[in-house]
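Here is the structure we will look at, set down as structure tokens.
Nothing in this text is a laboratory measurement; each read-out follows from the coordinates by a stated rule. Predicted, not measured: the structure shown is a model, and the values here were computed from it. Glycine gets a Cβ as well: all are built from the backbone with ideal geometry, and neighbour counts include every protein chain shown.
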């Protein structure tokens, strides 16, 4: 049950903390280095796919991949042969992801680019007006990108009941446009986005009383999104950045404001 006054607290936090000065360390920071959308969407998919584990390690790993492919990611993928890509990614390691996994992902991105001109065009071709949210298009996109299902960990599908936290994070970056999210995928409505839910966001949602689900499942992500859409129906995912700051950056001021709200409503 949604509590009185939570919407006002969320809006105040958004106005105060949804700023670039609060981004780093976050894999999102890499997207700001690319003005060309054709490069930025490639960087976004790389950065979001590696957004698991310790944030410092995530930053190092994304830096490593981008160093290996150079400063023009789209040009690199268009010109590089498969053997060259595999060679350039040899030796890369990020927890469960090694160079062979990342090379396969880059080759999958290359195939989409060669077929559609861009990741955006490929994704947009899969969006249908009747879809209730972005999940059906995301399922089709994973099928397009990973036809042989070799990249299940890097790009899981909603069909597998995964909350698809990292892919939903990628879509937040690419679809939303404000001081933090750079956007560019302007023909997709932010109202269709789903919250990038991991254990941290799940705990926040439990504390706020907007879910009672015990695990951060796909159903949990949809439920959380539906709850926040009551406060911001046209852009329900707008609060994701500020709510995750105190987990990533240790912004205790944000948590203090939420704790004040908890105390007023006798929540734990």
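Working note: Debye formula, equal point scatterers on the alpha-carbon atoms of region 1-150, no solvent; log10 I(q)/I(0) at q = 0.09, 0.15, 0.19 Å⁻¹ is -0.36, -0.89, -1.22. As a ratio to 2.2 N^0.38 Å, the alpha-carbon radius of gyration for the chain is 1.00.
The separation of region 24-96 from region 136-191, counted between C-alpha centres, amounts to 16 Å. Over region 87-215, how many percent of alpha carbon pairs lie in each 5 Å bin up to the one with the longest distance? P(r) over region 87-215, rounded to whole percents: 2, 10, 17, 20, 21, 16, 9, 4, 1, 0.
Using only the C-alpha atoms, the convex hull of region 146-199 corresponds to 106 Å³ per residue. Averaged over residues, the count of other Cβ atoms within 10 Å places the peptides 49-55, 165-171, 211-217 in the sequence 165-171, 49-55, 211-217, highest first. Based on C-alpha pairs under 8 angstrom that are at least 6 apart in sequence, the chain has a relative contact order of 20 percent.
Distances over 15 Å make up what percent of all Cα-Cα pairs in region 4-87?
Of all Cα-Cα distances in region 4-87, 65 percent exceed 15 Å.
Using the Kirkwood radius built from alpha carbon pairs, what does the Stokes-Einstein equation give as D for region 198-249 at 4 °C and 1.567 mPa s, in µm² per second? Result for D is 116 µm²/s.
Please label the shape of region 160-242 as rounded, prolate or oblate, based on the square roots a ≥ b ≥ c of the eigenvalues of the alpha-carbon gyration tensor (a/c under 1.5 means rounded; beyond that, a/b larger than b/c means prolate, else oblate). In terms of gyration-tensor shape, prolate.
Across all C-alpha atoms in region 101-152, the radius of gyration and Dmax reach 11.3, 35 Å.
Figure legend: label point modelled 7 angstrom from the Cα of residue 126 along Cα→Cβ; residues of region 175-199 with amide N under 20 Å from it are 175-176, 183-197. Our helix-only sum for the chain, with -39,500 (n - 2.57) per DSSP H run of n ≥ 4 divided by its residues, gives a mean residue ellipticity at 222 nm of -16500 deg cm²/dmol. In terms of other Cβ atoms within 10 Å, 173, 185 run from fewest to most in the order 185, 173.
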